[in-house]
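Peer 1: I have a structure here, written as structure tokens, and I will follow up with some questions on it.
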Amino acid sequence: MDIKWLEDFLSLVQTRNFSRSAQDRHVTQSALSRRIQALEAWVGADLVDRSTYPLALTPAGKLFSASATEAMRLLNDTRAMLRVKETGDDVLRVSAGHALSLNFFPNWLNSIQAWYGPLRARILPANVHDAVLALVEGNCDLLLCYHHAELPVELDPKRFEYRVVGVETLMPVSIANRAGSAAFALPGSKTAPLPYLAFTATSYFGRAVRNIQSRVDQPACLQTCQESDLAELLKTMALAGQGLAWLPDSCIAAELAEGRLVRAGGDLWTMRLEIRLFRAIDHRKPVLDKLWDNLGR
């Protein structure tokens, strides 16, 4: 039994609406429905009467709701107590996507410490979905993520605020040929499609690349040969000459400077992304408040 199932169910108890709860839980409506069904299978009884609108709880659902609420309260209270002991009030917990955790966060932290002084931080790498959930559920102090107007991170501005802490470019790259230009240069052709090292379709970068390709008049002719959620893995394969990949410039700065990778397309094939730092407005912590106030100056 996954604890997220309990959280999904308790959200549904509050909203009585699958669509609204799916939005609050940052999942698709179909995913939420599957998770509620999985919880009902684990309990061994129907918890939700789906024949009514707004939906209602079955008698079993009402009984289970009270137990689930109390169980979550005990779990959350105990977790909060243990985390205070474990991390202390002087440790910042930062949830971030894998690429930002590896390539942006270390340099950003060094720049912060140059004017802030020593700062204890715990980085929590995750995919974008889980990183956002960590902030929503109070499991971190800060969320570090990418943002673009066409690919926003949906967080309620009444509950969460942000600072822009950087900007970078998502760009296509490949190894160079003997002439020094891209061995796999966009857009390719139908007779000779370019080998493509792709982000998975549901990842943030995967959606960003799809957005880039949709606004270029001449379509890219690509043949996916490898797929991953991890920018570092795609970079390794690009360096091995296995194909073209879109990667954020913080991930490939050294490789571009050394000529081991070169740009495989012009500006039309790129996307500028903000790097945003989010916090919950009502989450108070002295080290967090001090950092936030200084970032706003």
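Peer 1: Using a 7 Å offset from the Cα along the Cα-to-Cβ direction at both SER181 and LYS4, what is the distance between the two label points in nm, to one decimal?
Peer 2: Going by the 7 Å Cα→Cβ label model, 4.6 nm.
Peer 1: Same structure, new question: Probe 1.4 Å, all protein chains in place: accessible area of HIS283 in Å², nearest 10?
Peer 2: For HIS283, the solvent-accessible surface is approximately 50 Å².
Peer 1: Treating cross-link reach as a plain straight distance, find the lysines whose alpha-carbon is under 27 Å from the alpha-carbon of LYS235, omitting any fewer than eight places away in the same chain.
Peer 2: LYS190
Peer 1: With a 1.4 Å probe and all protein chains in place, put THR52, THR58 in order of accessible area, largest first.
Peer 2: THR52, THR58
Peer 1: If you work out volume of the Cα convex hull per residue in Å³ from the coordinates, which of (1) 133; (2) 152; (3) 171 do you get?
Peer 2: Computed from the coordinates, volume of the Cα convex hull per residue in Å³ corresponds to (3).
Peer 1: With a ≥ b ≥ c the root eigenvalues of the C-alpha gyration tensor of the range 227-286, is it rounded (a/c under 1.5), prolate (a/b larger than b/c) or oblate? The partial results should precede the final answer.
Peer 2: On the way: a/c = 2.65, a/b = 2.20, b/c = 1.20.
It comes out prolate by the Cα gyration axes.
Peer 1: In nm, to one decimal, how far is the ARG260 label point from the ARG79 one, both placed 7 Å along Cα→Cβ?
Peer 2: 3.9
Peer 1: Can you give the extra length, in nm with one decimal, that the chain gains between LEU268 and ARG284 once fully stretched, where that is 0.36 nm per residue apart less the Cα-Cα distance?
Peer 2: On the way: separation 16, 0.36 × 16 = 5.76 nm, distance 4.26 nm.
Length gained between LEU268 and ARG284: 1.5 nm.
Peer 1: Using modelled amide H (1.01 Å from N, peptide plane; none on Pro or chain starts), what sits under 5 Å from the amide H of PHE160, excluding residues fewer than 5 places away?
Peer 2: For PHE160, the qualifying residues are ILE281.
Peer 1: From the square roots a ≥ b ≥ c of the eigenvalues of the alpha-carbon gyration tensor of the range 166-258, which class results: rounded (a/c under 1.5), prolate (a/b over b/c), or oblate? Could the numbers behind the result be given before it?
Peer 2: Numbers: a/c = 1.38, a/b = 1.02, b/c = 1.35.
It is rounded, given that a/c, with a ≥ b ≥ c, falls under 1.5.
Peer 1: When all protein chains stay in place, what accessible area (Å², nearest 10, 1.4 Å probe) is found for ASP77?
Peer 2: 80
Peer 1: Treat each spin label as a single point 7 Å out from the Cα along the C-beta direction, and report the MET237 to ASN17 distance in nm.
Peer 2: 4.1
Peer 1: Using a Förster distance of 30 angstrom, determine the FRET efficiency expected from the C-beta separation of GLU227 and ALA149, and round it to 0.05. Provide the component values of the computation, followed by the final result.
Peer 2: Working: r = 27 Å, r/R0 = 0.89.
Efficiency computed from Cβ-Cβ geometry: 0.70.
The values are calculated or read from the model by the stated rules, or taken from the named source; none is laboratory data. Keep in mind the model is a prediction, meaning the values are calculated, not measured. Note that each Cβ is placed from the backbone with ideal geometry, even for glycine, and that neighbours are counted across all protein chains shown. Side chains are part of the model used for accessible areas, which takes the heavy atoms of the whole protein and leaves out ligands, DNA and RNA. Shrake-Rupley method; radii C 1.70, N 1.55, O 1.52, S 1.80 Å.
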